1. Cα atoms only: what Rg and Dmax, in Å, come out for the chain?
2. Please list, in order along region 96-109, the HN-Hα scalar couplings obtained from phi with the Karplus expression 6.51 cos²θ - 1.76 cosθ + 1.60 (θ = phi - 60°), rounded to whole Hz, x for Gly and Pro.
3. Among the lysines, select those whose C-alpha is under 20 Å from the C-alpha of residue 126, and discard any that sit fewer than 8 residues away in the same chain.
4. Need one number: nm distance between label points at residue 246 and residue 148, each 7 Å from Cα along Cα→Cβ, rounded to one decimal.
5. How large is the charge dipole for region 95-225, taken about the Cα centre, if only the Cβ atoms of Lys, Arg (+1) and Asp, Glu (-1) carry charge, to the nearest 20 debye?
6. Using θ = phi - 60° and the Karplus curve 6.51 cos²θ - 1.76 cosθ + 1.60, what whole-Hz ³J(HN,Hα) does each residue of region 9-17 get, with Gly and Pro shown as x?
7. List the residues whose amide H sits under 5 Å from the amide H of residue 39, counting only those 5 or more places along or on another chain, with H placed 1.01 Å from N in the peptide plane.
8. What residue among 33, 8, 81 has its Cα farthest toward the positive end of the dipole of region 1-96, where the charges are +1 on Lys, Arg and -1 on Asp, Glu, each on the Cβ?
Amino acid sequence: MFLCMNLFFFVAGVCIGSFLNVCIYRLPQNQSILYPPSHCGVCRQRLQILDLIPVFSYLFSRGHCRHCGAAYSSRYTIVELLTGCLFIWCYTVFGIGFPLIKALILTSFLLVITYIDYDHQLILDKVLLFMAGAGALIECLTPSVGLLSMLVGSLAGGGLLLLIAIVSKGGMGGGDIKLATVLGIYLGAKLTLLALFLSFVIGGVVAVFILLLKRKGRRDCIPFGPFIAAGAFLSLLYGQELIRWYWNLCMG
Ligand SMILES: [Zn+2]
């Protein structure tokens with residue numbers, strides 16, 4: 001039964017991931033995510049049913065367009081597989097219920113934000129607006145955070161990054177500040193601050209590795225959105241436990 005549910009959430013994640021790919025690719029170019037249907041970026045030929053099956057289409061076509069032979073980026077398949085794995089992860093932590101639905105929705109938004117920020121060093125306002133709206137709707141349907149905690153989380157999260165942006169003179173982008181503000185709606189005060197703390201830790205570790213590998217020069221900027229997204233994901237899944245563990249550590 002457990003295995004069966006895992007498979008279900010993996011397949012669901014892979015299919016949602018396929019849609020997230022469309023968002024990641026088209027939203028920064030101001031294109032509609034509904035029309036036109038998926039097509040080859042080179043020859044414009046519309047994709048056939050077989051080409052639209054996530055993951056498998058990549059295996060069937062060996063990553064090339066059936067018509068013109070143009071190579072597709074393996075990125076699409078990676079995003080699909082990653083979404084599937086993250087969906088299983090959420091299900092393993094939350095089981096069936098409203099917290100799972102909230103986790104899957106937040107995860108989907110975070111994936112779109114992560115990849116667009118990675119590609120364009122940009123967090124789009126329209127994505128953040130949809131994310132905020134969805135978060136507010138979920139909170140209305142099944143209150144779990146509470147209005148006060150939401151407000152404090154948004155103000156504290158956004159305020160903290162704004163402060164860092166001012167002190168570091170542009171080390172933090174406007175999109176990062178807005179993202180932290182929206183996270184308050186989903187996570188509430190404590191988990192939002194934990195998410196940002198985790199994002200600094202993860203970002204710091206990754207930055208050290210990148211500098212050691214000399215992949216980027218000290219002056220190149222590394223988008224911070226993906227780290228906020230990773231911090232938010234971990235905070236949503238393990239935040240309560242982490243805070244409890246830390247509290248016991250201090251008390252003991
Ligand atoms: Zn083609």
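Laboratory data are not the source of any read-out in this text; all were calculated from the coordinates shown. Please read these numbers as outputs of a predicted model, since none were measured by experiment. A quick note on method: Cβ atoms are made from the backbone with ideal geometry, for glycine too, and the neighbour counts reach across all protein chains shown.
1. 19.4, 66
2. Listing the rounded values in order: 7, x, 4, x, 5, 4, 4, 5, 5, 5, 4, 4, 5, 4 Hz.
3. 102, 178
4. Distance between label points: 2.1 nm.
5. With Lys and Arg at +1 and Asp and Glu at -1, about 420 debye.
6. 6, 5, 5, 4, x, 5, 5, 4, x
7. 47
8. My answer, from the dipole projection, is 33.
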